[in-house]
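Scroll down for the structure; my scribbles are underneath it.
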Amino acid sequence: MPARLFLSSGDLVADRRFEFARDLQLKGDLAAAADLLLQATELAPNFASAWFTLGEIRAGLGQRDAAVAAFRNARAADPDDRHGASLHLMRLGAEEIAAMPQAYVQTLFDQYARRFEAALVDDLGYRGPSLLFKAVLTVRSAAKKPAFFKRAIDLGCGTGLAAGAFAKEVDRFTGFDLSPKMIEWARATALYAELEVADMVRGLRGQPDSSADLVLAADAMVYLADLAPVLNEAGRVLIPGGLVAFTAETHEGDGVIIGGGLRYAHGANYVRATIASAGLTLAHLEDLSARNEDDVPVPGLVAVAVKS
Ligand SMILES: C[S@@+](CC[C@H](N)C(=O)[O-])C[C@H]1O[C@@H](n2cnc3c(N)ncnc32)[C@H](O)[C@@H]1O
């Protein structure tokens, strides 16, 4: 896991109370930790990290309404919401499913970048890029077309693992990612002709019509609640016959939910319908998990759609 975000309150005593509270929280004394955090917020009412941690503790203690109040205070204290209090509010059912705060994603992955590959691949058995690669080969071979691509766009490219998996089959890669630190690692691979720190939908919007023959998103759609804008843009940017391939986390119901890992899970019917509304044809949809959590595969989908 990435290091925990700490935003100082600017008040030394309040910051110290926070540190003691974290020690108590880690030792399992949640009631005492909550007490200290309340004291810290009395000293520094705009102490986002203290409100956020209090929200987590209260949620863990089953005190839903008090947790909701703390998470709302955390977000009010840091309107960019770098801690991701909004996600907890959605998860607690206090707010509708909505977009993830960009500052949260950026902060999370900037903090994560240095240890990302070891943490994801070694600890969580991450296999998104190889699953995408196999699915794309399957679709191409069923269509009796070579699996070779002139230009691929890698959405949420991270450190470049997906480009690594497709390197021999792609002439030229473009990568977009919200996290500047992840982009630095991607740049170091020398696999990308172009890299941009950009939201994936905004990045695609800057691309000409029919300018790519492959769009990839490995473990990146899990950070988007609404897949329609990204699939619509992918459809516009692809040449006829081009492919969009992505992994998603899923659940048995309909629509989009937020899972325990604070990532979105998209129902299979939602994925099918969104692909169809983007004017794309679903070529492959398989129940496959891209990563484990607590050594258990997280329910997932691998989708490949074609632009006709
Ligand atoms: C779990 S990582 C996966 C990285 C890479 N695709 C891989 O397979 O290793 C998710 C990446 O998506 C990026 N990301 C999340 N939401 C994004 C968005 N809306 N636009 C661009 N990048 C985003 C994150 O910064 C992070 O680098």
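The values are calculated or read from the model by the stated rules, or taken from the named source; none is laboratory data. The model shown is predicted, which means the values in this text are computed figures rather than measured ones. Cβ coordinates were reconstructed from backbone atoms using ideal geometry, including for glycine residues, and neighbour counts include every protein chain displayed. Only protein heavy atoms, including side chains, enter the accessible area calculation; ligands, DNA and RNA are left aside. Shrake-Rupley method; radii C 1.70, N 1.55, O 1.52, S 1.80 Å.
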| message | Tell me which of Gly259, Leu108, Tyr126 sits at the most positive position along the dipole axis of the chain, charges placed on C-beta atoms (Lys, Arg +1; Asp, Glu -1). | response | Tyr126
| said: What number results when the radius of gyration of segment 47-116, computed over Cα atoms, is divided by 2.2 N^0.38 Å? | reply: 1.09
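Just the number, please: percent antiparallel of the DSSP beta bridges in segment 212-308, rounded to the nearest 5.
On the way: 19 of 25 bridges.
The answer is about 75 percent antiparallel.
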| Per residue, how much accessible area does segment 155-308 have with a 1.4 Å probe, in Å²? | 39 Å²
| Listed residues Leu282, Leu12, Leu155, most fluctuating in the chain (Gaussian network, C-alpha, under 10 Å) | Leu12
| query | How large is Rg over Rh for segment 154-217, taking Rg from the Cα atoms and Rh as the Kirkwood inverse mean of 1/r across Cα pairs? | reply | 0.93
| query | Per the helix-only calculation at 222 nm, which mean residue ellipticity applies to the chain, given -39500 (n - 2.57) for every DSSP H run of n ≥ 4 and division by its residues, nearest 500 deg cm²/dmol? | reply | -13000 deg cm²/dmol
| query | How high is the relative contact order of the chain, in percent, with contacts defined as C-alpha pairs under 8 Å that are six or more residues apart? | reply | 13 percent
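Return the tail of the calculated pair distribution for segment 7-55, meaning the percent of Cα-Cα pairs more than 16 Å apart.
Numbers: 265 of 1176 pairs.
Value for segment 7-55: 23 percent of Cα pairs lie more than 16 Å apart.
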| remark: Check: C-alpha center segment 12-37 vs C-alpha center segment 226-282, spacing in Å is 41 Å
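Please compute the Kirkwood hydrodynamic radius of segment 206-308 from all pairs of different C-alpha atoms, in Å with one decimal. List each step's numbers first, then the result.
Numbers: mean 1/r = 0.0730 Å⁻¹.
It is 13.7 Å.
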| query | Considering the dipole of the chain built from charges on the beta carbon (Lys and Arg +1, Asp and Glu -1) around the Cα centre, which of Trp51, Leu24, Leu7 is farthest to its positive end? | reply | Leu7
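Full extension from Arg272 to Ala190: what is 0.36 nm times the residue separation minus their Cα-Cα distance, to one decimal in nm? All intermediate terms of the calculation are to be shown ahead of the outcome.
Numbers: separation 82, 0.36 × 82 = 29.52 nm, distance 3.48 nm.
26.0 nm is the gain from fully extending Arg272 to Ala190.
List, in the order given, every pair from Lys181/Lys307; Lys145/Lys168; Lys150/Lys181 whose Cα-Cα distance in the structure shown is over 21 Å.
Values: Lys181/Lys307 33 Å; Lys145/Lys168 16 Å; Lys150/Lys181 27 Å.
Beyond 21 Å between Cα atoms: Lys181/Lys307; Lys150/Lys181.
Accessible area of the chain with a 1.4 Å probe: how many percent of it is carbon plus sulfur? Don't skip to the end; give the middle numbers.
Working: 7220 of 13760 Å².
Its accessible area is 52 percent carbon and sulfur atoms.
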| note | proj_area_mean for the chain (convex hull on C-alpha atoms), units nm², value 15.7 nm²
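Given N residues in segment 58-172, what is Rg(Cα) / (2.2 N^0.38 Å)? Intermediate values should be presented prior to the final figure.
On the way: Rg = 19.7 Å, N = 115, 2.2 N^0.38 = 13.4 Å.
Cα-based Rg divided by the globular estimate yields 1.48.
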| note | Taking the square root of 5λ for each eigenvalue of the C-alpha gyration tensor of segment 104-151, the equivalent ellipsoid has semi-axes, largest first and in whole angstrom, of 31, 13, 8
| Loop-located GluC sites (Glu not before Pro) in segment 214-282 whose Cβ has at most 16 other Cβ within 10 Å (DSSP) | Glu252
| task | Could you pull the Rg and Dmax for segment 1-124, using just the Cα atoms, both in Å? | result | 14.6, 42
| Surface accessible to a 1.4 Å probe, Asp80 within the full protein complex, Å² | 100 Å²
